[in-house]
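These notes are about the structure you will find just below.
The values are calculated or read from the model by the stated rules, or taken from the named source; none is laboratory data. What you see is a predicted model; the values in this text were computed from it and never measured. Glycine gets a Cβ as well: all are built from the backbone with ideal geometry, and neighbour counts include every protein chain shown. Surface areas here come from the heavy atoms of the whole protein model, side chains and all, with no ligands, DNA or RNA. Shrake-Rupley method; radii C 1.70, N 1.55, O 1.52, S 1.80 Å.
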Amino acid sequence: DGARPGDRLLVTRGPAVETAGLFASLYPEQLAERGLEAGTVADAAAGLAETRLVGDAVAAAEAAGVSAMHDATEGGLLGAFCEMAASAGVRFEIDADSAPMRSGVAPVCDALDIDPWKTTSSGTLVLAVPAGAVGAVRRAIDARGTPVAEVGRVVEGSGVRFRGEEWAEPPRDESWDAYAAFEG
């Protein structure tokens, strides 16, 4: 709940790394039946090994002042933005095109017909950082080999502005319907 107007928003790894990795690991044959090449599936599955974030969080906190941070779990990155903005009583303005996107994630999410921004993204860290600390925090996370990008800013107001839409509540996690379809 510490995000403040003027803070910048950073995201590590990008959306849906966990979900894409799990589907690619558990259902490679079904994804192949949906037209995905074996290399794409293997690349997405390899992302599961990258879903740890405690080291990134510690590095960011030690590098400079961090106002708030959150692991983008159920509801994905969009859900994490909504939760953080609501708990701090501020507005998040997001530029989704600036976020990192791990290779393999988009094709798996397309094959599952789910939005990567609205699906479980454990291992992806959202950080609200004072503008003057962005460089130090990015360098600390980069030094760990973790992709990180500035994706937005915190302003007065409430809710989240994302891809031209206003969000006040986290979206329903789309991965659950995809799991049900594969298990059904």
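Quick look at the numbers
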{"read-out": "Yes/no for E174 being closer than 27 Å to F23 by Cα, open to solvent by 20 Å² or more (accessible area, probe 1.4 Å) and in contact (Cβ under 8 Å) with a residue 12 or more places away in the chain", "value": "yes"}
{"read-out": "Residues being touching a Pro at 6+ places or on another chain (Cβ under 6 Å) and open to solvent by less than 20 Å² (accessible area, probe 1.4 Å) - total across the stretch 143-171", "value": "2"}
{"read-out": "The stretch 143-184, residues that are aliphatic (A, V, I, L, M), under 19 Å from the mean Cα position of the chain (by Cα) and at pLDDT 95 or above", "value": "V148, A149, V151, V154, V160"}
{"read-out": "Candidate set from the stretch 115-142 (those that are open to solvent by 10 Å² or more (accessible area, probe 1.4 Å) and at pLDDT below 95); member that is nearest to R52 (Cα to Cα)", "value": "S122"}
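Per-residue answers, yes or no, for (1) open to solvent by 10 Å² or more (accessible area, probe 1.4 Å); (2) in a helix (DSSP H, G or I); (3) in contact (Cβ under 8 Å) with a residue 40 or more places away in the chain; (4) hydroxyl-bearing (S, T, Y):
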| site | (1), (2), (3), (4) |
| --- | --- |
| S25 | yes, yes, no, yes |
| A44 | no, yes, yes, no |
| L48 | yes, yes, no, no |
| G65 | yes, no, yes, no |
| H70 | yes, no, yes, no |
| F81 | no, yes, yes, no |
| A85 | no, yes, yes, no |
| D97 | yes, yes, no, no |
| A111 | yes, yes, yes, no |
